[in-house]
Each structure stands twice: as C-alpha cells, then as structure tokens.
Amino acid sequence: MGRLIARIRAKFFSAEFSRNVITLMFGTILAQIIPIVVSPILTRLYDPSEFGLFSVYAGIVGILAIIVTGRYELAIMLPDDDENAFHLAMVAITTTVSGSLLILFLIGSFNEKIVYWSSVGDIGNWLYFVPLSTLLVGVFSIINNWKNRKKQFKDIATVKVTQAVVTAISNVSLGDLSKGFNGLIVSLILGQGAAAVLLGRTSEKKKNTQFKKKISFVKMKENASRYSDFPKYLIVAHLLNSLSSYMPLIFLLKLYDSSISGYYALAERTSIVPIVLIAKAFGDVFRQRATEDFAKYGNSKQIYLATLKKLFILSIGPFTILFFFSPDLFSFVFGSEWRTSGEFAQIMVLMFFLQFMANPLGNLFMVAEKQKLDLLWQTLLCLFSFSSIYISYLAFDNPKTTILVYSLVISFMYIVNILMSYKFSLGNDKKRTQ
C-alpha cells in the first residue's frame, strides 16, 4: 500500500503537494464520515421540515459571512512577506467584527419585517444568533487562510475533525429540544465556536516574533488599499455565488413547502457536501502552490492540469454509485420516507460532478487576480439559477422537474468556469523550468 501511494504521488504531484493534499483529505474525509454516520440518527430525530428551516438559517449565515470579512482573508496568500499578510489579516478581522455588530443592530431593528418577508416565522428568534455565527465563521476563515499560507495543513485537518465531532454530538444530544431545528442551530454554533477557538489557539502557539510587534494601522491601510479589488468585486461575486447555492433551498421552501426543501437539503448534505469538501482540500493546497508558480514562472498550467486529472479520477467512482443507486441507498440508510432525497441526488449527479472539479480550480480567479471576470461569471450563475428554477416552476410546477432544469443549467455554467480557469492558468506563457 505504501509503495502504491508513493507511485500515485510521483505520478500526479510533487511530494510536498501530495503530502499536503493527503493531510487535508484525511482530515476532511474523517470530518465527513462523522456526520454521515450520525445522519441515520438525525433523520429520526428531525423531520424534513426541520431540516428545511435549519438550512434557511445556515444559508443566511453563509451569505452574510461573505460580507463581514470583506473577502480580505482570501488575499492573505498573496503578499510576498508575512508582515503585510499579517496586517491584511488584521484588516479582515476588523471588518468581520464591525460587520457582525452591524448585522446584530439590523436584526434587532427589523426582526419582525425580516420574518414577515421571508415567511419563516419559526426562525425569528434564532435570527439574533446569526451575528455570532457570522463572527465565528469569519474568524475561522481568516485564521484558516493564514495557516494555508504557512502550510500548516495538519492543524487545519485536526480542526475540521474537531468541529465535526462537536457538531455531531450536539446534534444527537439536543435532538429532544422543543423545536427540532433548535438543536441543529445550537449544534452548528457550538461546532463553529470550537473550530474558531481551536484554530486560534494553535496559531497562538506557533506565532513568530513579528506578531509580538504592535499592529501598524498605516500598514493595515496600505494593504487594505493594495487589495481593494477583493472587497470591491469578490464580496458581490461570492455573495452571488452563495445566493446561487442557497437559492434552491429558499425557492423550494417558498414555492413548495419545507418538506421539499428538507429533502433537497439532505440530498446535498450527504451527497455533494462531503465530496466538495474533499475538493476544497485540493483547492486549499492548489491555491498555495499556484500562487508560488505564478510568482516563479508566470503560469500554473502544470499543476492545474495535474489537479484536474486527479479530481476527475477521484470523482468517477462516487458519482457513478450516486447516479445508479442513490434512491435505494437513501431509503435504506435514512428510512423509506427519505427516498425522495435520493431521487433528488440522482437528478443532480452531473452538476455535482462538474462542481467537484470546478470549485478547487476556480481558485485561479483569485491567484491570477481576475476578480472582475469572477464577478461576471457569478452574476450570470445567479441569474441562471433564479431563472431556471422560477421558469421551470411556472412551466411544470413539479419539484423534480424544477431541480432537473436547474441542475442542467448550472452544469453548463461549471463547464464555462473550468474553461476560464484553465485559460488563467496559462498566465503570461513563460516557459516553465523544472
């Protein structure tokens, strides 16, 4: 087995790249096995409507977390020296804290109107916990990107597993609360908190002498200005991306009912989320390596093609099984009442497959600083997501058909994304030396 792994490493990547990817993949896979193992228990503690309401809360947090950081955390990889990267992280922390406080004020002022507009009354009181979640997610993302820069992938993997354990234990333990999705939300917050605290503590232990210096507000201002394209374009671009991701959940809830949204949420939770998180492990290491290659050679074509090939090979088995057997698997594992989730997963296999490859390779938009084109693509993705769902609803008024049309349209957009990121990988076409 050891020789086989060594051959795979030599064939596809450098030894360091392979080691980093395998480290993150191991942590990610283990972190995803845990919720998958407890999922049969959760589907008996929580019903589809509760999963649907929880997904709305998670969707709100996911969208707002993009805004509060200003997307400055995604630029932490780019400065040539750690001092500038550190002050860039301080800029991101400042915007995260300020943004979360602003969200708290707005929710306190307009809670009733938000609940009325969203037609999700049961979640009204839990909106007050959204700022806490956005703060925790933002801080985690900032520290995570710093550790990515420093190649501390073992810490990242350990924290992912810890977060999964805390969330899973809490989900099961709190399943008997008066409202089922209350337990899901509390568990989410506990997992987020544990991840942020643990990641912060490991960073504290490993900080170098430069962190003992006072923070320079001049340096913060300089770096905020240097990388101003990140908040200028990526907040909107990634907000649109997040909105596109959560749009099916929101629309299925409003156009049909919370049960349909819950079926969709479980299909995503147990099908694409684990696989995409494995792809994210590739993406984190790929972004770090692609940044180095651009700085040295002016392009990242070689590592791009090697990563694309590896992602394709890894995806064949899981997505083939998902296409042929997901309805029966969902029915067997989660109970017959959840067979619909398996049917939804089967419909979306092509979209999942392309998303698995496009997401990590899409880091080239940031590495090559093509934020404007990223914004353009995300705008089209959001528009196509909205139109495909709404038009198919008007034409067919059938959730399965709506999901099918949505899946095909988004699959096309992912193909476009892969072609764009490949072109970015060519850089200025300098000859790469080994």
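Computed quantities for the displayed model
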quantity: Test result for residue 344, under 22 Å from the mean Cα position of the chain (by Cα) and either farther than 30 Å from residue 423 by Cα or not in a helix (DSSP H, G or I) (or both); calculated: yes
quantity: Candidates 411, 421, 388 - the one that is closer than 30 Å to residue 79 by Cβ and hydroxyl-bearing (Ser, Thr, Tyr); calculated: 421
quantity: Verdict on residue 200 being modelled with pLDDT of 80 or more, under 24 Å from residue 71 (Cβ atoms) and either in contact with a helix residue (DSSP H, G or I) (Cβ under 6 Å, 6 or more places away or on another chain) or assigned by TED's automatic domain parsing to the domain that holds residue 65 (or both); calculated: no
quantity: Given (1) surrounded by 23 or more Cβ atoms within 10 Å (Cβ to Cβ); (2) small (Gly, Ala, Ser); (3) at pLDDT below 85, number of the condition residue 290 does not satisfy; calculated: (3)
quantity: Neighbours by Cβ (under 9 Å, 6+ apart or cross-chain): first from the range 244-273, among the acidic types (Asp, Glu); second not in a helix (DSSP H, G or I); calculated: 268/348
quantity: Residue in the range 368-377 that is surrounded by fewer than 18 Cβ atoms within 10 Å (Cβ to Cβ), closer than 27 Å to residue 250 by Cβ and basic (Lys, Arg) present; calculated: no
quantity: Qualifying positions in the range 136-176 - surrounded by fewer than 18 Cβ atoms within 10 Å (Cβ to Cβ) and of a type in the set (D, E, K, R); calculated: 150, 151, 154, 176
quantity: Which listed residue, of 254, 310, 296, is in a helix (DSSP H, G or I), at negative phi and under 23 Å from the mean Cα position of the chain (by Cα); calculated: 310
quantity: Residue count for the range 72-89, restricted to those that are assigned to a helix (DSSP H, G or I) and over 22 Å from the mean Cα position of the chain (by Cα); calculated: 6
quantity: Residue in the range 212-226 that is among the aliphatic types (A, V, I, L, M), surrounded by 15 or more Cβ atoms within 10 Å (Cβ to Cβ) and either at pLDDT 85 or above or in the same structural domain as residue 66 (by TED's automatic domain parsing) (or both) present; calculated: yes
quantity: Yes/no for residue 424 being under 14 Å from residue 237 (Cα atoms) and crowded, with 16+ Cβ neighbours inside 10 Å; calculated: no
quantity: Helices (runs of 4 or more DSSP H) fully within the range 1-71 counting 1 or more residues that are modelled with pLDDT under 70 and either closer than 29 Å to residue 335 by Cα or touching a Cys at 6+ places or on another chain (Cβ under 9 Å) (or both); calculated: 15-45
quantity: Matching option when the condition is of a type in the set (Phe, Trp, Tyr) and closer than 22 Å to residue 53 by Cβ, among 246, 233; calculated: 246
quantity: Unmet criterion (only one of (1) closer than 19 Å to residue 77 by Cβ; (2) crowded, with 23+ Cβ neighbours inside 10 Å) for residue 357; calculated: (1)
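To keep it simple, each residue is scored yes or no on (1) surrounded by fewer than 22 Cβ atoms within 10 Å (Cβ to Cβ); (2) within 22 Å of residue 312 (Cα to Cα); (3) at pLDDT 90 or above; (4) more than 20 Å from the chain's Cα centre (by Cα).
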{"position": "332", "(1), (2), (3), (4)": "yes, no, no, yes"}
{"position": "339", "(1), (2), (3), (4)": "yes, no, yes, yes"}
{"position": "403", "(1), (2), (3), (4)": "no, no, yes, yes"}
{"position": "407", "(1), (2), (3), (4)": "yes, yes, yes, no"}
{"position": "415", "(1), (2), (3), (4)": "yes, yes, yes, no"}
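The values are calculated or read from the model by the stated rules, or taken from the named source; none is laboratory data. Computed from a predicted structure; not experimentally measured. With ideal geometry, Cβ positions are generated from the backbone for all residues, glycine too; neighbour counts draw on all protein chains shown.
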